[in-house]
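**Student:** Dropping the structure in here first, questions after.
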Amino acid sequence: MTDSLARRERLALCDLALSVGPSAPTLCAGWTVQDLVVHLLVREHKPLAAGGTLVPALRGLTERASARLRREPFETLVERLRTPALLMRAAPVEALVNTTEFFVHHEDVRRAQPSWTPRDLAPADEATL
């Protein structure tokens, strides 16, 4: 059995993040690769704190959780991102919650690099997206 698209995109994003480094740009306005990795970790490992991205009253939780993570070495953050949070380890949950998220953010990093080129996706991956 092959890994899901969500899992493959997660791992490819982690590999690319380490390759380009924490200060590399992304297509997320104003975000570096480190900002993006922190966002994904808060989203997945601190769901209440992640709520601050949508609910202004929770914004302080998001900012504090993000600030704590930013103090850790970048490589540690990326390695943590490689392994899904416990709830996400169930393949159907990860596929539902993370396929689009990791595909889009992988592309955010890929396309912000000067040497990026379009990639061909397998028909099954295109159908999944």
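The values are calculated or read from the model by the stated rules, or taken from the named source; none is laboratory data. This is a predicted model, so every value here is computed, not measured. Here Cβ is always computed from backbone atoms with ideal geometry, including for glycine, and neighbour counts include all displayed protein chains.
**Student:** What residue, of A67, A112, is over 13 Å from the mean Cα position of the chain (by Cα), among the small types (G, A, S) and in a loop (DSSP other than H, G, I, E, B)?
**Tutor:** Being over 13 Å from the mean Cα position of the chain (by Cα), among the small types (G, A, S) and in a loop (DSSP other than H, G, I, E, B) holds for just one of A67, A112, which is A112.
**Student:** Anything in region 76-87 that is at pLDDT 95 or above and either touching a helix residue (DSSP H, G or I) at 6+ places or on another chain (Cβ under 7 Å) or closer than 15 Å to W31 by Cβ (or both)? List them, or say none.
**Tutor:** Result: L77, V78, R80, L81, R82.
**Student:** What number of residues within region 115-124 are in contact with a helix residue (DSSP H, G or I) (Cβ under 7 Å, 6 or more places away or on another chain) and either surrounded by 13 or more Cβ atoms within 10 Å (Cβ to Cβ) or not in a loop (DSSP other than H, G, I, E, B) (or both)?
**Tutor:** Total meeting the criteria: 0.
**Student:** Restricting attention to region 70-88, which residues are assigned to a helix (DSSP H, G or I) and surrounded by fewer than 17 Cβ atoms within 10 Å (Cβ to Cβ)?
**Tutor:** Across region 70-88, the qualifying residues are R70, E75, T76, E79, R82, L86, L87.
**Student:** Scan region 41-61 and give yes if some residue there is in contact (Cβ under 8 Å) with a residue 60 or more places away in the chain, in contact with a helix residue (DSSP H, G or I) (Cβ under 9 Å, 6 or more places away or on another chain) and either closer than 15 Å to A85 by Cα or assigned to a helix (DSSP H, G or I) (or both), otherwise no.
**Tutor:** No.
**Student:** Another question about this same structure. From the list S19, S66, S4, which residue is surrounded by fewer than 17 Cβ atoms within 10 Å (Cβ to Cβ) and not hydrophobic (A, V, I, L, M, F, W, C)?
**Tutor:** Result: S19 is the single residue among S19, S66, S4 that is surrounded by fewer than 17 Cβ atoms within 10 Å (Cβ to Cβ) and not hydrophobic (A, V, I, L, M, F, W, C).
**Student:** Also, I was wondering about something else. So, in region 1-22, exactly how many residues are hydrophobic (A, V, I, L, M, F, W, C) and farther than 15 Å from R110 by Cα? Give the steps one after another, and end with the answer.
**Tutor:** Taking region 1-22 as the starting set, the residues that turn out to be hydrophobic (A, V, I, L, M, F, W, C) are 1, 5-6, 11-14, 16-18, 20.
Still in the list and also farther than 15 Å from R110 by Cα: 1, 5-6.
Selection size over region 1-22: 3.
**Student:** For region 35-48, state whether one or more residues are surrounded by 14 or more Cβ atoms within 10 Å (Cβ to Cβ), touching a Lys or Arg at 6+ places or on another chain (Cβ under 9 Å) and among the charged types (D, E, K, R).
**Tutor:** Among the residues of region 35-48, at least one is surrounded by 14 or more Cβ atoms within 10 Å (Cβ to Cβ), touching a Lys or Arg at 6+ places or on another chain (Cβ under 9 Å) and among the charged types (D, E, K, R), which makes the answer yes.
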